[in-house]
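Comments concern the structure below.
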Amino acid sequence: MKRTIVLYGLALALFVSGLKFLEYRFFVRDLSIEFYTGIIVVIFTGLGIWIGLRLTWKKFVFVGGDFTLDAATLQKLDITKREHDVLELIAQGLSNKEIADKLFVSLNTNKTNSSNLFLKLEVIRRNNTSKNR
């Protein structure tokens, strides 16, 4: 966050310096200070909105449908009961910390269960990205 503020301040200083340079070189007699102030306001308002959206934008993943148990598939993939519990909570959209708290296990144990589950399902991460793609 500090880096963003510093970069924003430096960009503002650089832009104002550029405008002052142009003002003295070319437009000192033609345009008033209100024009330059307006340009700065419009540009940095747009830049502030863009940065604000980038910092606060959250990606939401839709988890559709109900999670149903298919014992044949679980057996075929050699998924344990605990891994099934983890998979069900992942399908509900819970984070690793929330899953660990709900299952009364440590965060590292949950990460191990998730990692084993991802290997068995041949996915890289939670958003259905297959290794075969």
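The values are calculated or read from the model by the stated rules, or taken from the named source; none is laboratory data. Here the structure is a predicted model, which means the values were calculated and not measured. Methodologically, a virtual Cβ is constructed for each residue, glycine included, from the backbone with ideal geometry; neighbour enumeration extends over all protein chains shown. Only protein heavy atoms, including side chains, enter the accessible area calculation; ligands, DNA and RNA are left aside. Shrake-Rupley method; radii C 1.70, N 1.55, O 1.52, S 1.80 Å.
Numbers for the structure displayed
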item	result
Every residue from the range 66-91 that is under 27 Å from the mean Cα position of the chain (by Cα), modelled with pLDDT under 85 and either of a type in the set (Lys, Arg) or assigned to a helix (DSSP H, G or I) (or both)	Ala91
Answer from Val41, Val63, Val28 - the residue that is within 27 Å of Lys2 (Cβ to Cβ) and either modelled with pLDDT under 85 or open to solvent by 70 Å² or more (accessible area, probe 1.4 Å) (or both)	Val41
Test result for Phe21, at pLDDT below 85, hydrophobic (A, V, I, L, M, F, W, C) and surrounded by 10 or more Cβ atoms within 10 Å (Cβ to Cβ)	yes
Pairs, first within 14 Å of Leu119 (Cα to Cα) and among the aliphatic types (A, V, I, L, M) in the range 62-86, second open to solvent by 100 Å² or more (accessible area, probe 1.4 Å) and modelled with pLDDT of 70 or more, C-beta under 9 Å, six or more apart	Leu74/Lys81
Any chance Glu98 is open to solvent by 40 Å² or more (accessible area, probe 1.4 Å) and at pLDDT 80 or above	yes
